Amino acid sequence: MENTNEPQQTVEPLLPNQLDMTIAQKIAYLQKLQQALHDGDDRQIYELMDPIRYARDVKKSRTTDQSADLSMLISDVHADLSHYLSGKLIDYLGQTYPFFYYDEINNGTFKIYFGNWWDRRLFGELDVLNVAFKFDEEEYDKLRQTFELAPAHKRFNSDNIDAVTAENAKLQRLIDDQSERDNQKDTLRQQLKELGSKSTLPWDSGKVKEERQTIVDKLSELADQDEAAMNANKTIKENDEKILSLSKEDTILNYEKQSIQKTFEDFTHFESHNDTLYTDYLTSLIGKGRVNAND
């Protein structure tokens, strides 16, 4: 017999209205994005792509409505969106960062070059969707150090150039001292000959052996210097090329430093502008939108 006292299990009915609302929200989101594309409203597109960040960094408000972010619906067209949005962004960057140049190596993927001079450096990538620079850490650090060393009237490669220059001077002395070494070797060989022909008492044999070893060690040292001198010209030439390369890099870094100083005065202001690039750019789009609305 069934236990009539057990509670009856109920199954929650499906909520078609709720499902319909979710689908409607997604359709409305895509329609709003499509309309923004038709209107050329880049600001609206950025807000739709990341409403939480837009609220925080542009509106200066906080939103906890996670349902407002439907950006996953367009994840498969990020490259196309990046290509589309790059137009106005690069125009803006051309005014605010006139020393950066961009190359679209793939659809929506942009490399950053510093300057338009010979041997300019590949400096990183432009993240169009997030309105951010992704600098090459090594190249960026070279530029930062260039600014830090400037007050001491030093350049990035100053210490390296000084070290290589000192090595060249040492090698040149080896070459110049060849005649002196030859004379020393003749003298030492004569001393060895005299020791060999000299009759010694048994109790002096240890002393003579020690003198002989000292002369042999000195001759060995001079032979090592001769060998180094033989390769010195080749090494000096290689070092000269190294110094030239380091000097060229310092010249490029100095061009970059001057470019930043002309636009931002110093490296600190340059970095602070980088940190607020997203907010600054979207704020500029808001300003342009108001101007167009008043026309």
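Bear in mind that the values in this text are calculations on the coordinates, not laboratory data. Values in this document were obtained by computation on a predicted structure and should not be read as measured data. Virtual Cβ from ideal backbone geometry, glycine too; neighbours counted across all protein chains shown.
Considering the dipole of the chain built from charges on the beta carbon (Lys and Arg +1, Asp and Glu -1) around the Cα centre, which of Ile175, Ser82, Asn274 is farthest to its positive end?
Of the options given, the answer is Ile175.
Let me check I've understood the local charge: for Tyr113, count other residues with C-beta under 9 angstrom from its C-beta, Lys and Arg +1, Asp and Glu -1. What total comes out?
Summing Lys/Arg as +1 and Asp/Glu as -1 gives +2.
Can you spot the aspartates and glutamates whose alpha carbon is less than 18 Å from Lys88's alpha carbon? Ignore those fewer than 8 places along the same chain.
Candidates past the 8-residue exclusion: Asp39, Asp41, Asp42, Glu47, Asp80, Asp103, Glu104, Glu125, Asp127, Asp280.
Give the cross-link partners of Lys142 among the lysines, using a straight C-alpha distance below 18 Å as the criterion and excluding same-chain residues fewer than 8 apart.
Partners found: Lys134, Lys154, Lys242, Lys248, Lys257.
Kirkwood Rh over Cα pairs of the range 152-262 into Stokes-Einstein at 37 °C, 0.692 mPa s: D in µm²/s?
Roughly 183 µm²/s, to the nearest whole number.
Farthest toward the dipole's positive end in the chain, which of Leu285, Leu143, Val131, given Cβ charges of +1 (Lys, Arg) and -1 (Asp, Glu) about the Cα centre?
Leu143
Quick one: Ser82, Ser179, Ser71, fewest Cβ neighbours within 10 Å first, how do they rank?
Ser179, Ser71, Ser82
With N residues in the range 16-76, what two-decimal value do you get for its Cα radius of gyration over 2.2 N^0.38 Å?
Normalised by 2.2 N^0.38 Å, the Cα Rg of the range 16-76 equals 1.18.
Quick one: angle between helix 16-39 and the longest Cα principal axis of the chain, in degrees between 0 and 90, rounded to 10, please.
Helix 16-39 sits at roughly 60 degrees to that axis.
Once every Cα of the chain carries one equal point scatterer and solvent is ignored, give the base-10 log of I(q)/I(0) from the Debye formula at q = 0.08, 0.10, 0.12, 0.15 Å⁻¹, two decimals.
Evaluating at q = 0.08, 0.10, 0.12, 0.15 Å⁻¹ gives log10 I(q)/I(0) of -0.63, -0.78, -0.94, -1.18.
If you take every residue apart from Lys59 with its C-beta less than 11 Å away from the C-beta of Lys59, what net charge results, scoring Lys and Arg +1 and Asp and Glu -1?
+2
Given the Cα atoms of the range 78-179, and with Rh set as the inverse mean 1/r over their pairs in the Kirkwood sense, what is Rg to Rh to two decimals?
Here Rg/Rh amounts to 1.25.
Among Arg43, Arg189, which comes first, second and so on when ranked by fewest other beta-carbon atoms within 10 Å?
With the fewest neighbours first, Arg43, Arg189 line up as Arg189, Arg43.
Among Met49, Met72, Met21, which comes first, then next, by fewest other beta-carbon atoms within 10 Å?
Ascending Cβ contact count within 10 Å gives the list Met72, Met21, Met49.
Taking the Cβ of Thr279 as the centre, find all other residues whose Cβ is under 13 Å away and add up their charges (Lys, Arg: +1; Asp, Glu: -1).
Summing Lys/Arg as +1 and Asp/Glu as -1 gives 0.
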